[in-house]
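Working notes for the structure below.
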């Protein structure tokens, strides 16, 4: 059962990948991408932390918190992957694998909007009147911050799509060729945009779902305001299209190359 997952879990014991001779090269390319995204996060954090001592201003702590929340989704997926491999090795049953994937995926989806949310920092709302920080510094800072959030989002979605494909189509030579994973990915990008809107304009956090009564009351009050539904629709459509285009530019070619060598 789930031979592809099992092969990944037991490769250290000497099994070979049945994908093709280009697998090490593909793995190296993926590792370079992951390392570059990590470096972008570190660079954004460094700019935020250095801003205070360099220009004698207060540290803008919300940005530090937002960076931490932004890296939470890929970390959650890494934990889910570890749990999946443990299940495959210890008790490789379809039910156990799917339960692990659904639970990990649900938590990941709740956290995911926090990554893309960094796009909204581009409004430079952290700048005060007569701010001594040069505008060029803050432009690079918020651009790095926003790009790190976008890349965390795209990397997370790509990881999740791959995990789902391997579990849903374990015997397929090229699991990512299935149309279901791409439809789910499109739906996830829509939900990310919705989560961004809820976070920016209603000030919801991922953990607010733990208080459903207050959540729905606050949500209803917001959308009862004139113009709120149309504004939300415009926000979600434009951000979904943006994320979809960026996914097509950065992730889809890499996936296509990998599956082409299978």
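Miscellaneous remarks
- Spin-label pair residue 242/residue 221, simplified geometry with 7 Å Cα→Cβ offset, distance in nm: 2.8
- Taking every C-alpha pair closer than 8 Å and separated by at least 6 residues, the mean separation divided by the residue count of region 3-260 gives a relative contact order of 21 percent.
- Pairwise FRET efficiency - residue 29 versus residue 171, Cβ, R0 = 22 Å, nearest 0.05: 0.30
- Under a Gaussian network description of the chain, with springs only between Cα atoms under 10 Å, the residue in 56, 130, 218 that fluctuates furthest is 130.
- Gain in span if fully extended, residue 135 to residue 200, counting 0.36 nm per residue against the direct Cα distance: 21.1 nm
- When the alpha carbon coordinates of region 3-260 are projected onto the principal axes, the ranges are 63, 44, 31 Å, largest first.
- Cα-based radius of gyration of region 132-203 once divided by 2.2 N^0.38 Å, which approximates compact folds: 1.54
- Between helix 212-223 and the chain there is an angle of about 60 degrees, using the helix long axis and the longest principal axis of the Cα atoms.
- log₁₀ of I(q)/I(0) at q = 0.15, 0.19 Å⁻¹ - region 69-222, Debye sum with one point per alpha carbon: -0.88, -1.16
- Site pair residue 190 and residue 90 shows an inter-label distance of 3.7 nm when each label is modelled 7 Å from Cα along Cα→Cβ.
- Each stretch of four or more DSSP H residues adds -39500 (n - 2.57); spread over every residue of the chain, this sum gives -25500 deg cm²/dmol at 222 nm.
- Between helix 228-250 and the chain: long-axis angle, C-alpha atoms, 0 to 90°, nearest 10: 50
- Most mobile listed residue (132, 113, 170) in the chain, GNM with C-alpha springs under 10 Å: 132
- For region 160-262, the share of alpha carbon pairs falling in successive 10 Å distance bins from zero is 13, 34, 26, 19, 7, 0 percent.
- Label-point gap, in nm, between residue 127 and residue 79 - each point 7 angstrom along Cα→Cβ: 3.8
- Seen against the Cα atoms of the chain and their longest principal axis, helix 94-111 is set at about 10 degrees.
Bear in mind that the values in this text are calculations on the coordinates, not laboratory data. Please read these numbers as outputs of a predicted model, since none were measured by experiment. Here Cβ is always computed from backbone atoms with ideal geometry, including for glycine, and neighbour counts include all displayed protein chains.
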